Amino acid sequence: MNERKEVVLPGEFLAEKEGRRVGFGAYFEENKVFAKVLGIPRIDENEISVIPFAGVYIPRIGDKIIGTITSVEISGWMVDINSPYVAFLPLAEGVREFVDTSRTDISEFFDAGDTIFCTISKVTKNKTIQVSMGDMGNRKLYGGVTIGVNPNKIPRIIGKGGSMISIIKERTNCEIYTGRNGIVWLRGENKAKAIGAIKIVEKESHTTGLTEKIEKLLSE
């Protein structure tokens, strides 16, 4: 296991890759792995990664999140959930009807690069994460764009009873999904204006009079 110092800086050398997977918060050049973010390194025989200090999303059962399909497996899909941990979407949790995998290419349902609105359904002690499409409202998100925000600011972006996000949706005529993992998906006429408003809420979430400021901004 990792015996390096507790904190690494962006660009700092972590270890030789040596066939290991390069996970969240790290990148590699040739066979050397470096830190991408300020954080705590995790190095073992299978993976090299860095858990960032700020804005990291730790999955919790029941969280509604936005993920990206990264690969199609025999019995499901691997999903990037903007976390140090990759999630798995089992076939039975992704598709309601029976699927004969010997005759069906499951990429017909979800393929690498697809964006999904899903639910964290399982989190084990070893941080094996499973997601599900079974809850009402879960769906594949077509087109649109995604932006990243601090996961801790998502409740403020949504607002009490959904008040803040409703204002942004109505004033920009955009369809917007917010994930507790700090990913926001948008599609509509005034995406740039909606993104600008969301970024202001993220930056000034601690200030008073924020709702009025956003209403004024979006009325201009």
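Every read-out reported here was derived from the displayed coordinates using simple, explicitly stated rules and does not represent laboratory data. Fair warning: this is a prediction, and the values are worked out from it, not measured in the lab. Neighbour counts are summed over all protein chains in view; Cβ atoms, including those assigned to glycine, are modelled from backbone coordinates with ideal geometry.
Please give the calculated 222 nm ellipticity per residue for the chain, where each DSSP H segment of at least 4 residues contributes -39500 (n - 2.57) and the sum is spread over every residue; nearest 500 deg cm²/dmol?
Calculated at 222 nm, the ellipticity per residue is -5000 deg cm²/dmol.
Antiparallel as a % of all DSSP beta bridges within the range 36-153, to the nearest 5?
95
Computed on alpha carbon atoms, what radius of gyration and Dmax characterise the range 84-152, expressed in Å?
13.6, 43
Given the peptides 104-111, 179-186, arrange them by the average over their residues of other C-beta atoms within 10 Å, most packed first.
179-186, 104-111
Could you list 37, 7 so that the one with the fewest beta carbons within 10 Å of its beta carbon is first and the one with the most is last?
Fewest-to-most ranking of 37, 7: 7, 37.
So what is log10(I(q)/I(0)) for the range 145-219 at q = 0.11 1/Å, when the Debye sum runs over its Cα atoms only?
Computed log10 I(q)/I(0) values: -0.21.
Can you give the Rg and Dmax of the chain based on its C-alpha atoms, in angstrom?
19.3, 58
Work out the count of Lys pairs in the range 145-219 where the Cα-Cα distance is under 12 Å, with the pair 8 or more places apart or on different chains.
Lysine pairs, 8 or more places apart or on different chains, close enough: 4.
Reachable aspartates and glutamates from residue 122, Cα under 18 Å, same-chain residues fewer than 8 places away excluded?
Straight-line reach from residue 122, under 18 Å: 63, 80, 93, 135.
Could you tally the net charge around residue 27, taking each other residue with its Cβ under 11 Å from the Cβ of residue 27, Lys/Arg +1 and Asp/Glu -1?
+2
Given H placed on each backbone N at 1.01 Å, which residues far from residue 50 in sequence or on other chains put an amide H within less than 5 Å of it?
So residue 50 has HN proximity to 24, 25, 26, 42.
Kindly rank 198-205, 96-103 from highest to lowest mean number of other beta carbons found within 10 Å of each residue.
My ranking of the peptides, most packed first, is 198-205, 96-103.
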